[in-house]
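The values are calculated or read from the model by the stated rules, or taken from the named source; none is laboratory data. Note that the structure is predicted; figures quoted are calculated from it, not measured. Here the Cβ is made from the backbone with ideal geometry for all residues, glycine too, and neighbour counts use every protein chain on show.
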């Protein structure tokens, strides 16, 4: 049985429209015009317990709207949604006790309070048993390495430190599902790696179901085995990333560092994509020409310093997918 079940979910907003200038403002007082914006258009999917899902799409595609509906913040215009057998917006109190939510640009901690005092307040709000709370809190503090931060007010923490505390706060009551909406936005490389490792470990060892929305494709590549892509409010793709990569952009890349700069060196079975001095990047279709065949052809006729084969970068695959489906990143 699915832990999360979404069927034909729709969300429509009505936004006021007026002509520019003072005249437009005056006309708007007497004749209000509205424009309909479709944020979600019959989105359907299900998620089993313990899955880690990457939920991606261009800006304005409907990612955050979906997360807000699943977490009970928004009510959909139409459609059906159940999370752990509950309707999020109708049974909010019971629902929020079972989920954790982290919005990358919002906080659930108190700005001027030390982190440990915010944790204690959250324990009271969620009515967590004292013994269970201490056990969970100590484990999270150790896993996220936030012990030195507990006596510091939130306002004095860096963004990376704050995000680690936010994730701990979202997990203090032992939720079964964790919604992460842009959790690594603005973080440095070290903080991103630390958060990725924590989320992966949490999913693997604790069995917590995770839905991750992000524009950082490296987060998706590192964490999610299954990816849902949404664009213009419609569900465009639901599969593994590797399956999508093979269908959208099946070619691979061959990077060759030649011993000398001999210009554009053509290789049968591959096309040149870029050249920087002695380094040349080739694209080839592995279904037509095997990588070892190309390497043998190059090594037989040229002095080579280094050769490596790579898949196209995840950003390139996603960008190609958006182009094919008319979903333009903004």
- Task: Considering only residues that are within 26 Å of the chain's Cα centre (by Cα) and surrounded by 15 or more Cβ atoms within 10 Å (Cβ to Cβ), look in the range 247-262 and name the one that is modelled with the highest pLDDT.
- Result: 253
- Query: Yes or no: residue 305 more than 26 Å from residue 224 (Cβ to Cβ), assigned to a strand (DSSP E or B) and more than 37 Å from the chain's Cα centre (by Cα)?
  - Reply: yes
- Message: Quick check on the range 168-191. Is at least one of its residues surrounded by 15 or more Cβ atoms within 10 Å (Cβ to Cβ), farther than 26 Å from residue 72 by Cβ and touching a helix residue (DSSP H, G or I) at 6+ places or on another chain (Cβ under 9 Å)?
- Response: yes
- Residue match in the range 223-234 (condition: surrounded by fewer than 17 Cβ atoms within 10 Å (Cβ to Cβ) and modelled with pLDDT under 90): yes
- Out of 74, 157, 140, 144, sole residue that is at pLDDT below 95, surrounded by 15 or more Cβ atoms within 10 Å (Cβ to Cβ) and touching a strand residue (DSSP E or B) at 6+ places or on another chain (Cβ under 9 Å): 74
- Quick one: is residue 35 surrounded by 14 or more Cβ atoms within 10 Å (Cβ to Cβ), more than 15 Å from residue 6 (Cα to Cα) and not assigned by TED's automatic domain parsing to the domain that holds residue 232? no
- Do you know which of the residues in the range 17-59 that are at pLDDT below 75 and touching a helix residue (DSSP H, G or I) at 6+ places or on another chain (Cβ under 8 Å) is nearest to residue 196 (Cα to Cα)? 18
- residue 85 meets each of (1) within 20 Å of residue 208 (Cα to Cα); (2) touching a residue at least 40 places away in the same chain (Cβ under 8 Å) with one exception, condition (2)
